[in-house]
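Below is one structure; the comments refer to it alone.
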Amino acid sequence: MTADLDAAPVALVAFDLDDTLAPSKSPLPQPVADLLTALLQRVPVCVISGGQYGQFQQQLLARLDLTPELAERLHLMPTCGTQYYRWDGEGFGQVYAHTLTTDERDRALASLRRRAEELGLWESETWGDVLEDRGSQVTFSALGQQAPVDAKAAWDPTGERKERLRAAVAADLPDLEVRSGGSTSVDITRRGVDKATGMTALVDLAGVPLSDMVFVGDRLDVGGNDRPVADLGVRSQAVHGWEDTAMYLAEVLLPHLDARPAA
């Protein structure tokens, strides 16, 4: 899936985080940090991903040398857009959160564990929490939140194991949204709340129509957690890892923006 940059002006660029801007749960590589800073000097940027805000701080914000002017152009949407953070002059403050109720959270956690055990997907050797309550999202990470990238890549290379779990849990929770997340994860949010919801909210939050946005992500395949953005009609660019994103920024997107006629 390739974004048509000539179809409309590019007034905002949104990115997934894990396996798009950085390896899963890892800090932004320096080339991406430099290119993202260069992009912020040209257009507003949104990062919308399944991780919680703490991961955004460690993976993204700690790697960017942001001036107040650049920070004002950065929109942060953790937990698949169910939360929104914006620069308030001193730091990034939460603007909204679509928080799960206690009942929704408890049923999601119980279903994930029960179905993972039934399907033989509850691993005995893990790195960190397997189940995580992120407030507006419950997440299952098969090998734990801190699992090495290579172990995560080897656990389910075809996505078949994760899809079996997602389908079983979705049948348990018809009132909630159950989506495939990262390489080993399944995310649960309120029904109808996903990355498309976040991108739609961004129209008013950033003052940019969907037609003038571009989205870059690694899970634009059918069933992937980036797919709702493409289905919304936002121009979308599929990538396969941070190296692909860096190449797209350096060789396609930034040159396109620099070639725009002066206002």
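Mean-square fluctuations from a GNM of the chain, with a 10 angstrom spring cutoff on Cα atoms, peak among ARG105, ARG113, ARG219 at ARG113.
Residues within the reach of a label modelled at GLN41 (point 7 angstrom out along Cα to beta-carbon, backbone nitrogen below 17 Å), restricted to segment 72-111, are 72-74.
For the chain, a crude dipole built from +1 on the beta carbon of Lys and Arg and -1 on the beta carbon of Asp and Glu, taken about the Cα centre, is about 340 debye to the nearest 20. As a fraction of the 1.4 Å probe accessible area of the chain, surface on carbon and sulfur atoms comes out at 50 percent.
Among DSSP bridges having both ends in the chain, what percentage is antiparallel? Round to the nearest 5. The antiparallel fraction comes to roughly 55 percent. Accessible surface computed residue by residue for segment 147-263, with neighbouring protein chains in place and a 1.4 Å probe, gives 43 Å² per residue.
Since only ALA259, LEU202, LEU12 are under comparison, the one whose Cα sits farthest along the positive direction of the charge dipole of the chain, derived from C-beta charges on Lys, Arg, Asp and Glu, is LEU202. Solvent-accessible surface (1.4 Å probe) assigned to ASP16 amounts to roughly 10 Å².
Distance between the 7 Å Cα→Cβ label points at GLU117 and HIS240: 3.9 nm.
A 1.4 Å probe run over the protein chains yields, for segment 59-132, 51 Å² of accessible area per residue, whole-number rounding.
The values are calculated or read from the model by the stated rules, or taken from the named source; none is laboratory data. Not measured: the values here are computed from a predicted model. Ideal geometry is used to build each Cβ from the backbone, glycine not excepted, and the neighbour counts take in all protein chains shown. Only protein heavy atoms, including side chains, enter the accessible area calculation; ligands, DNA and RNA are left aside. Shrake-Rupley method; radii C 1.70, N 1.55, O 1.52, S 1.80 Å.
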